[in-house]
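Have a look at the structure below, then the notes.
The values are calculated or read from the model by the stated rules, or taken from the named source; none is laboratory data. The model shown is predicted, which means the values in this text are computed figures rather than measured ones. Using ideal geometry, Cβ is built from the backbone for each residue, glycine included, and neighbour counts are taken over all protein chains shown. Side chains are part of the model used for accessible areas, which takes the heavy atoms of the whole protein and leaves out ligands, DNA and RNA. Shrake-Rupley method; radii C 1.70, N 1.55, O 1.52, S 1.80 Å.
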Amino acid sequence: MANKHLSIGKIDLVDLARRYGTPLYVYDGDKIERNYKEIYNSFSYEHKQIHYAVMANNREGILKLLLKAGSYLQVNSLKEYLLARKIGFPNKRISVTTTNISKEDMKRFVKNKVLLNLDSIEEIKKYGEIIEDFRKKGKEVNNKIGIRVFVHVKATGKYVTNEPYAPKARVGIKRQKFDLAKKLARKYKLKIIGVHGYLASNIVELGPHIKLAKYLIRCAREFPDLEYINFGAGFGLPPKLEDKKFNWKAYGKEISSLMRNFSKENGKKVNLRIEPGRSLVGDAGILLVKVTNVKDMDYWKEIGVDAGFGVFARPYIYGWKKGGYHEIVVANKLNKKPTELYTICANSVLQGDYLAEDRKLPQIEEGDILAILNAGAYGSVMMSLFPGMRKPGEILIYKNKIKLIERKIIN
């Protein structure tokens, strides 16, 4: 029996790897489109906006696809904002939430009349001073701002902002400083029209997200000019294919109910915003790598491949047995039974440059193509190419058509 190959639609990924070389990131545009529709349709509340978190994957082909689908964007820097505008997103479809923003960057945002979610009392003051200076010069300004809310264990239970870095969780304005925020807003003639919250990364459980939502609604009640609540990001993508997925339908039902009640209470329609990133594009990406060596280490077997930390950092940063776990299949031997345990390592001299450990796979030979799954987010965007790695190619497949969005080079 001929070996069965991994494919996306009608596109054979093994042929793709041999044609364009490895390492090679491949993105399934149809999957991204389906994910977006699933998330969007989970909310019955009409006044909703899906703000894709650009930091997950900023490739232009993906952003253009999302623009066409009707998505909004969440950006974290001036660089991401300028990219979004270049792609064609207008200001009204861009949410900007950043931290420790420089005065120079803030002036650029003010000049472009961007709506910012400000991260601290100090940033509100800085924004107000810049706005005041612009007004003195007769320039038109945007006097509306949002604020990012500090989320802490008392508000949400088990989870703390930016775990495992607690107790020094540092992002957002604490609730006890809201009065000071409102005082500064009055001083500089600003309107606080939105609250934004972010819990933690990759949470698959529904409970913490609902707790966050209820807390943000309590915070929102303190701002009479409110136009939106941004329930943030952190929606999980399970590491293993058989693991429980995030229940978008249940989440959408709960949040829609909360927002209807809140809007009725306020006598006006308040926009619902969320920021899926990895949960939208993560499972739509595959990293193809070639086996460069099969090594007998006496009591274990090592597979060497032509990628590692410098090309795909997640396993190294989050732990290849924990948060950085990624399913791996042999792309050119899908119909072969897994018979042996292998540990997959990079072709670098970094001792800890592992991609996976003790994975049961079909018998591996040099030249085989391995597919690292769920690599569509925080993959190519985190590349350092250290130490001396080859830059991967990147391909978007959409409606069975191949688009080369990043050419592979040797540097």
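Would you pick out the residues in segment 71-99 that are over 16 Å from ILE147 (Cα atoms) and open to solvent by less than 10 Å² (accessible area, probe 1.4 Å)?
Within segment 71-99, SER71, LEU73, TYR81, ALA84, PHE89 qualify.
I need the strands (runs of 3 or more DSSP E) fully contained in segment 349-411, keeping only those with at least 3 residues that are touching a strand residue (DSSP E or B) at 6+ places or on another chain (Cβ under 9 Å) and open to solvent by 40 Å² or more (accessible area, probe 1.4 Å). Talk me through it step by step, then tell me what you get.
Working: elements: 354-361, 369-372, 393-398, 401-406.
Fully inside segment 349-411 and qualifying: 354-361, 401-406.
Please work out if ILE62 is within 30 Å of LYS290 (Cβ to Cβ), in contact with a helix residue (DSSP H, G or I) (Cβ under 6 Å, 6 or more places away or on another chain) and either among the aliphatic types (A, V, I, L, M) or modelled with pLDDT under 95 (or both).
On the way: within 30 Å of LYS290 (Cβ to Cβ): yes; in contact with a helix residue (DSSP H, G or I) (Cβ under 6 Å, 6 or more places away or on another chain): no; either among the aliphatic types (A, V, I, L, M) or modelled with pLDDT under 95 (or both): yes.
In short, no.
Name every residue in segment 100-119 that is open to solvent by less than 40 Å² (accessible area, probe 1.4 Å) and in a helix (DSSP H, G or I), in order of residue number.
Listed by number, the residues that qualify are MET106, PHE109, VAL110.
Quick one: is ALA200 open to solvent by less than 10 Å² (accessible area, probe 1.4 Å), touching a Ser or Thr at 6+ places or on another chain (Cβ under 7 Å), at pLDDT below 95 and over 18 Å from LYS126 (Cβ atoms)?
Details: open to solvent by less than 10 Å² (accessible area, probe 1.4 Å): yes; touching a Ser or Thr at 6+ places or on another chain (Cβ under 7 Å): yes; at pLDDT below 95: yes; over 18 Å from LYS126 (Cβ atoms): yes.
Yes: the conditions hold for ALA200.
Residue check: is VAL311 open to solvent by 30 Å² or more (accessible area, probe 1.4 Å) and either in contact with a Ser or Thr (Cβ under 6 Å, 6 or more places away or on another chain) or within 18 Å of ARG390 (Cβ to Cβ) (or both)? Talk me through it step by step, then tell me what you get.
On the way: open to solvent by 30 Å² or more (accessible area, probe 1.4 Å): no; either in contact with a Ser or Thr (Cβ under 6 Å, 6 or more places away or on another chain) or within 18 Å of ARG390 (Cβ to Cβ) (or both): yes.
So VAL311 fails the test.
Go through (1) at pLDDT 95 or above; (2) in a loop (DSSP other than H, G, I, E, B); (3) farther than 24 Å from ILE94 by Cα for LYS189 and report which single condition fails.
All conditions are met except number (3).
TYR342: buried (at least 20 other Cβ atoms within 10 Å of the Cβ), in contact with a Ser or Thr (Cβ under 8 Å, 6 or more places away or on another chain) and hydroxyl-bearing (Ser, Thr, Tyr), yes or no?
Judged against the criteria, TYR342 is not a match.
From the list LYS321, LYS295, LYS253, LYS336, which one is free of Cβ contacts under 8 Å to residues at least 24 places away in the same chain, open to solvent by 40 Å² or more (accessible area, probe 1.4 Å) and farther than 26 Å from VAL75 by Cβ? Before the answer, list the steps.
Details: LYS321 fails: free of Cβ contacts under 8 Å to residues at least 24 places away in the same chain; LYS253 fails: free of Cβ contacts under 8 Å to residues at least 24 places away in the same chain; LYS336 fails: free of Cβ contacts under 8 Å to residues at least 24 places away in the same chain.
So the residue among LYS321, LYS295, LYS253, LYS336 that is free of Cβ contacts under 8 Å to residues at least 24 places away in the same chain, open to solvent by 40 Å² or more (accessible area, probe 1.4 Å) and farther than 26 Å from VAL75 by Cβ is LYS295.
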